[in-house]
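Please treat every number below as a calculation from the coordinates, not as lab data. Computed from a predicted model, the values in this text were never measured in an experiment. A quick note on method: Cβ atoms are made from the backbone with ideal geometry, for glycine too, and the neighbour counts reach across all protein chains shown.
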Amino acid sequence: MFKIIDKKRLNDSMTWMTLEAPLIAKKVKPGQFIILRIDEKGERIPLTVADFDREKGWVSIIFQKVGKTTMRLDELEVGQSIQDFVGPLGRPTELEGYHRAAVIGGGAGCAIAYPQAKALHNIGVDVDVIAGFRNKDIIILEDEMDQVSNNLYVMTDDGSNGNKGFVTVKLEERLKEGADYDLVIAIGPLPMMRAVCEVTKKWNVKTIVSLNPIMIDGTGMCGGCRVKVGGEMKFACVDGPDFDGHQVDFEEAMRRLSIYKDQEKRAAEDHKC
Ligand code: FES
């Protein structure tokens, strides 16, 4: 069993949770994920590791209440435990060899963008973080992202924080101003990552995206997480979750992600009743 040792709400739908997981904490690297199961009959869900402490043996995850399992997870409190917490899974993000990076997070994607920015910052890379949210009430991790970046730009779709615009608008503005990024990392909804890739392709900047398809086993056995990259079939759980954004078939990824939408909606509604 894996004990919850800390929990804080980031906004109405997002929660930061820390669990005792010393073996994972010892090995995990930025970009990797875990698969958890609340109890024996629970669904397995993948979540990217948001933070960890090797000495103290804890691992943090950030999740958004979007379905039955995340709603149930959110109902657990400090001191309670979950059944399974398996990892680290996936390949770590390759962060070495860059000088100037832009890390872009869209909404809940900032939960993954933050550890990536932190890891780059810790190895001496100049990092700009561009974070996008629908409105100011759902902004998360602003202080944390500020601490690990040279420049933080928080954008809102409705301009309610005084910075109206999509992350792509700010990215293009920075590139026009002469920001000489040799790496862009984009994490968020698929349409956002696709839009970022359209910009960076024009400017010829290497772009890594983190894909979050449906996963079941997380070990390359079930094929549930397959994505097309550079015309080849890849498994996000073992070949990713990071991929060259300019090679990803976003249309197919979006189609596959919506396959179980109806069932997911029904399960979430049943849980609320
Ligand atoms: Fe089963 Fe990736 S989750 S192959």
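Below is a table of values for the structure above.
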{"quantity": "Dipole magnitude (debye, nearest 20) for the chain, charges at Cβ of Lys, Arg, Asp, Glu", "calculated": "440 debye"}
{"quantity": "Environment charge of residue 149, counting only residues whose C-beta is closer than 12 Å and scoring Lys/Arg +1, Asp/Glu -1", "calculated": "-4"}
{"quantity": "Cα-based equivalent ellipsoid, segment 186-257: semi-axes from gyration tensor eigenvalues, Å", "calculated": "21, 11, 10"}
{"quantity": "DSSP-loop GluC sites (Glu not before Pro) across segment 50-98, with at most 14 other Cβ within 10 angstrom", "calculated": "55, 77, 94, 96"}
{"quantity": "Label zone at residue 66, where the point sits 7 Å out along the Cα-to-Cβ direction: segment 188-211 residues whose backbone N lies under 18 Å", "calculated": "188-196, 209-211"}
{"quantity": "Cα gyration tensor category, rounded, prolate or oblate, for segment 26-154 with a/c compared to 1.5", "calculated": "oblate"}
{"quantity": "Partners for residue 56 among aspartates and glutamates (Cα-Cα distance below 12 Å; same-chain residues under 8 apart left out)", "calculated": "20"}
{"quantity": "J(HN,Hα) series, segment 207-217, from Karplus relation 6.51 cos²θ - 1.76 cosθ + 1.60, nearest Hz, glycine and proline x", "calculated": "9, 9, 10, 10, 8, 10, x, 5, 10, 10, 8"}
{"quantity": "Test item: Cα-centred dipole of segment 100-257, Lys/Arg +1 and Asp/Glu -1 on Cβ, debye", "calculated": "340 debye"}
{"quantity": "Pair residue 5, residue 134: separation of 7 Å Cα→Cβ label points (nm)", "calculated": "3.5 nm"}
{"quantity": "For segment 2-89, size of Cβ-based charge dipole, Lys and Arg +1, Asp and Glu -1, in debye", "calculated": "220 debye"}
{"quantity": "Lys/Arg +1, Asp/Glu -1 at C-beta; the chain dipole; positive extreme among 98, 189, 207", "calculated": "189"}
{"quantity": "Vicinal HN-Hα couplings computed from phi for segment 218-230 (Karplus, 6.51 cos²θ - 1.76 cosθ + 1.60; Hz; Gly/Pro x)", "calculated": "x, 10, x, 9, 8, x, x, 9, 5, 9, 9, 9, x"}
{"quantity": "Helix runs (DSSP H) in the chain reaching 15 Å along axis by Cα, Kyte-Doolittle at least -0.5", "calculated": "110-122, 190-203"}
{"quantity": "Of 117, 82, 67, farthest towards positive along the dipole that unit charges on Lys, Arg, Asp, Glu beta carbons give segment 1-121", "calculated": "117"}
{"quantity": "Theoretical ellipticity at 222 nm over the chain - DSSP helices of four or more residues, -39500 (n - 2.57) apiece, nearest 500", "calculated": "-8500 deg cm²/dmol"}
{"quantity": "³J(HN,Hα) computed for each position of segment 150-162 - Karplus, 6.51 cos²θ - 1.76 cosθ + 1.60, integer Hz, glycine/proline x", "calculated": "6, 9, 10, 10, 9, 10, 10, 4, 9, x, 5, 9, x"}
{"quantity": "Footprinting exposure proxy for 66, 169, 209, 248 (fewest neighbouring C-beta atoms within 10 Å first)", "calculated": "66, 169, 248, 209"}
{"quantity": "Exceeding the 28 Å Cα-Cα cut-off - candidates 7/170; 29/176; 136/265; 3/65; 29/234; 202/265", "calculated": "7/170; 29/176; 202/265"}
